[in-house]
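The structure appears right after this line, and notes come after that.
Read the figures in this text as sums done on the coordinates, not as results from a lab. These numbers were taken from a predicted model, which means no experiment stands behind them. Don't worry about glycine lacking a Cβ; one is built from the backbone with ideal geometry, like all the others, and counts go over all protein chains shown.
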Amino acid sequence: MKPCILIVEDEPAQVEVLSYNLKQEGFHIVVATTGERALLLVEEIEPDLVILDWMLPEVSGIEVCRRLRARPRSPRVPIIMLTARGEEGDRVRGLETGADDYVVKPYSPTEVVARVWALLRRARPALAEERLEYADIVMDLAQRKVTRQGRPIHLGPTEFRLLLTLMERPGRVFSRAQLLDLVWGRDVHVADRTVDVHIRRLRKALDLTSATDPIRTVRGAGYALDTGG
């Protein structure tokens with residue numbers, strides 16, 4: 001499951017440099033060259049982080065940032081603002097609008113990559129952890145082992161990735177389309193019902209006599225890891 005980075009930048013050379021360096025780190029890259037396109041893509045793909053240029057056609061980066069922060073869904077997606085504006089007042093304005101970090105052009109791609117990792121680890125602690133726990137389920141990411149109530153749970157590769165996605169954000173409802181993107185990848189074309197098949201397999205593997213079903217089905221919406229039922 002590669003973290004998805006949305007690059008919002010209208011200069012082809014900047015896009016090329018950022019895309020190359022971030023892909024080398026294993027990120028999935030999506031590009032928007034206008035603010036309007038960026039706002040549409042955020043609704044479609046739910047990126048893990050946004051790299052946002054200040055000066056954009058149609059809608060400025062500052063306005064894009066403001067609208068992203070006003071979204072009722074996932075308003076705290078990390079945002080790194082890129083700009084040629086180096087004055088302190090501009091930096092303060094960018095941060096006050098909701099940006100998490102601020103990088104002045106010209107910049108070092110290595111520095112941008114480091115800042116991306118730092119923000120992602122803060123937003124998704126699982127990226128820096130080797131062990132995830134939720135209720136009585138434990139995932140050892142280093143050894144790729146899962147236990148429930150101390151008993152080993154045997155999962156196939158897809159069920160492991162599916163559980164990891166749910167474990168990273170307990171309680172969050174994922175649509176089938178989102179799970180397909182996160183678990184199978186955005187370039188893989190499979191039917192929505194494939195998610196249901198693997199959810200059933202995951203439920204069966206996690207099913208213990210003394211344990212409740214940890215996966216909640218939300219009618220018309222998707223699935224969530226939620227022992228509250």
Determine the relative contact order of the chain: mean sequence separation of Cα pairs under 8 Å and six or more apart, normalised by residue count, in whole percent.
-> 13
Would you mind checking the tilt of helix 88-97 against the longest principal axis of the Cα atoms of the chain, expressed as 0 to 90 degrees and rounded to 10?
-> 30
Taking the Cα centre of the chain as origin, sum charge times position over the Cβ atoms of Lys and Arg (+1) and Asp and Glu (-1), and report the length of that vector in debye to the nearest 20.
-> 1040
Starting from the Cα gyration tensor of the stretch 131-225, multiply each eigenvalue by 5, take the square root, and state the resulting semi-axes largest first in whole Å.
-> 21, 15, 12
Taking every DSSP bridge whose two residues both lie in the chain, the antiparallel percent to the nearest 5 is 50
Rounded to the nearest 10 degrees, what's the angle between the helix 12-24 long axis and the longest principal axis of the chain, both from Cα atoms, 0 to 90?
-> 30
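Using a Förster radius of 30 Å, what is the FRET efficiency between residue 111 and residue 169 based on their Cβ-Cβ separation? Nearest 0.05, please.
On the way: r = 28 Å, r/R0 = 0.94.
Plugging the Cβ-Cβ distance into 1/(1 + (r/R0)^6) gives 0.60.
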Given R₀ = 45 Å, FRET efficiency for residue 194-residue 36 by Cβ-Cβ distance, to 0.05?
-> 0.85
The helix 35-45 Cα axis meets the longest alpha-carbon principal axis of the chain at an angle in degrees, between 0 and 90 and rounded to 10, of 10
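Determine the calculated [θ] at 222 nm for the chain from helices alone, applying -39500 (n - 2.57) to every DSSP H run no shorter than 4 residues and normalising by the residue count; nearest 500 deg cm²/dmol. Write down the numbers at each step before the final one.
Numbers: 8 runs with 89 residues, N = 229.
Mean residue ellipticity at 222 nm (helix-derived): -12000 deg cm²/dmol.
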Measure out, as a whole number of angstrom, how far apart the alpha-carbon centroids of the stretch 10-56 and the stretch 153-216 sit.
-> 27
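What is the order of 81, 139, 55, 167, fewest Cβ neighbours within 10 Å to most? Let's see the in-between values first.
Values: 81 28, 139 24, 55 15, 167 19.
Ranking 81, 139, 55, 167 by Cβ neighbours within 10 Å, fewest first, gives 55, 167, 139, 81.
Using just the Cα positions, wrap the stretch 4-124 in a convex hull and report its mean projected area in square nanometres, one decimal place. Numbers along the way, then the final one.
Working: hull surface 26.3 nm².
Mean shadow area of the hull around the Cα atoms is 6.6 nm².
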Using the Cβ atoms and a cut-off under 11 Å, what net charge is assigned to the surroundings of residue 207, where Lys and Arg are +1 and Asp and Glu are -1?
-> +4
Of the peptides 100-112, 4-16, how do they stack up when ordered by the mean number of other Cβ atoms within 10 Å, highest first?
-> 4-16, 100-112
Quick one: give the max-minus-min coordinate of the C-alpha atoms of the chain along each principal axis, largest first, in Å.
-> 62, 34, 30
